[in-house]
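This report concerns only the one structure given below.
The values are calculated or read from the model by the stated rules, or taken from the named source; none is laboratory data. Please read all numbers here as calculations on a predicted model, not as lab measurements. We place every Cβ from the backbone using ideal geometry, glycine too, and count neighbours over all the protein chains shown.
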Amino acid sequence: MDKKEQWAKDVIHSVDGIKRAEPKENLLSDILDKLQIETKGRSIKIIPLKRLSWVAIAATLLLFFNIYAFNTVIKSSNTEQNIYSNNNIYSNNNIELITDFSLYIIDK
Amino acid sequence: MEEAEETTQDVFIAIFQKANTFKGMSKVSTWIYRITVNKALNNIEKRNHRPKSATEIQDYHTIEFNHPGIKLENKEKAKYLFTTIDTLANKQKTAFILSYIEELPRQEVADIMGTSLKSVESLLQRAKNNLRKKLISIYPEGKSKT
C-alpha cells in the first residue's frame, strides 16, 4: 500500500476509541440562564419528581375519599327512602294521624 | 469548544421548547440526536467558514484543535480528519460522524437522518471515499506524519 494511502487510512482510524467530551460544570446553569432569556423573563419552575409524587398521592387519596363519601351518601339516602316509603303500617290501621308524609322527608 | 457549548445550549433550549411535540414514535435519544444534528448544521451554516480546497484544508488545519476524548498520540491525525470531515456534504458528514465518531448502530443513524438503512450505507461509502481522496491530496510531504 502506498504511504499516502496508509497515512489516510491511519488518519481515518485516529478516532477509534474516542471518548465522549464531558460538558463543563456550569453548562446547566448557562442553559437555565439562556432559557430565562428565551422565555422573555418568565420564571421557569422545574418541579422536582419527589414533589410531583406527593401531589399524585394526595390527589389519589382525595379521589378515594370522595368516592367513599359519595357511596355512603347514596346508601344512606336509599335507606331513608325505604323507611319513608314503607307507610303501609299507617294505612293498614285506617287511621292516619299524619297524611302528608313528605313532611318527614322535608324535615329530615 | 465555545461553538460546541453554544450548540449544546441551543439543543437544550430546543428540547425544552419542543418537548410537547415529541410523539413517542422514536426513542427519545433519536429525537434529541435529530435536534442536535439540525442545530449543529445550522450553526455551521451560520459560521459559513468551511474549507473547500486542499490548501484551505491545510490552512484551516493550523487552527487550534482540541478534542478532550482523543488520545494524545492521535491528536495530530484527528485534527486532519476533523478538518477534512468538515469539507464533506452535510449528509455524508452527518452519517460519518454518527456512525464512526458516535458509534451508533446504522439503523439508528437512519432513524435520526430520516432515511433508509441502504441510503446510510451508501452515504458512508461515499464519505469514506471522499475522505480518503481528500486526505491523500493534503498528505503533509516533509512534515511530521504522526
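Values as computed for the structure displayed
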{"read-out": "Residue selected from segment B:1-20 under the condition more than 10 Å from chain A (Cβ to nearest Cβ) and within 14 Å of the chain's Cα centre (by Cα), by the criterion surrounded by the fewest Cβ atoms within 10 Å (Cβ to Cβ)", "value": "B:E3"}
{"read-out": "Helices (runs of 4 or more DSSP H) lying entirely in segment B:85-146 (those with 2 or more residues that are within 27 Å of B:F22 (Cβ to Cβ), β-branched (V, I, T) and more than 14 Å from every other protein chain (Cβ to nearest Cβ))", "value": "B:106-113"}
{"read-out": "Within segment A:38-68, tally of residues that are modelled with pLDDT of 80 or more and touching a helix residue (DSSP H, G or I) at 6+ places or on another chain (Cβ under 7 Å)", "value": "0"}
{"read-out": "Among (1) more than 29 Å from the chain's Cα centre (by Cα); (2) within 12 Å of chain B (Cβ to nearest Cβ), the one test that A:S76 misses", "value": "(2)"}
{"read-out": "Any hit, segment A:26-38, residues being part of a helix (DSSP H, G or I) and β-branched (V, I, T)", "value": "yes"}
{"read-out": "Criterion (touching a Ser or Thr at 6+ places or on another chain (Cβ under 7 Å) and at pLDDT below 90) met by exactly one of A:L35, A:L27", "value": "A:L27"}
{"read-out": "Qualifying residues in segment A:1-15 (those that are more than 8 Å from every other protein chain (Cβ to nearest Cβ) and within 13 Å of B:K77 (Cβ to Cβ)) - the one modelled with the highest pLDDT", "value": "A:Q6"}
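This table checks each residue for (1) within 14 Å of chain A (Cβ to nearest Cβ); (2) at pLDDT 70 or above.
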{"site": "B:F22", "(1), (2)": "no, yes"}
{"site": "B:M25", "(1), (2)": "no, yes"}
{"site": "B:T30", "(1), (2)": "no, yes"}
{"site": "B:N43", "(1), (2)": "no, yes"}
{"site": "B:S53", "(1), (2)": "no, no"}
{"site": "B:Q58", "(1), (2)": "yes, no"}
{"site": "B:I70", "(1), (2)": "yes, yes"}
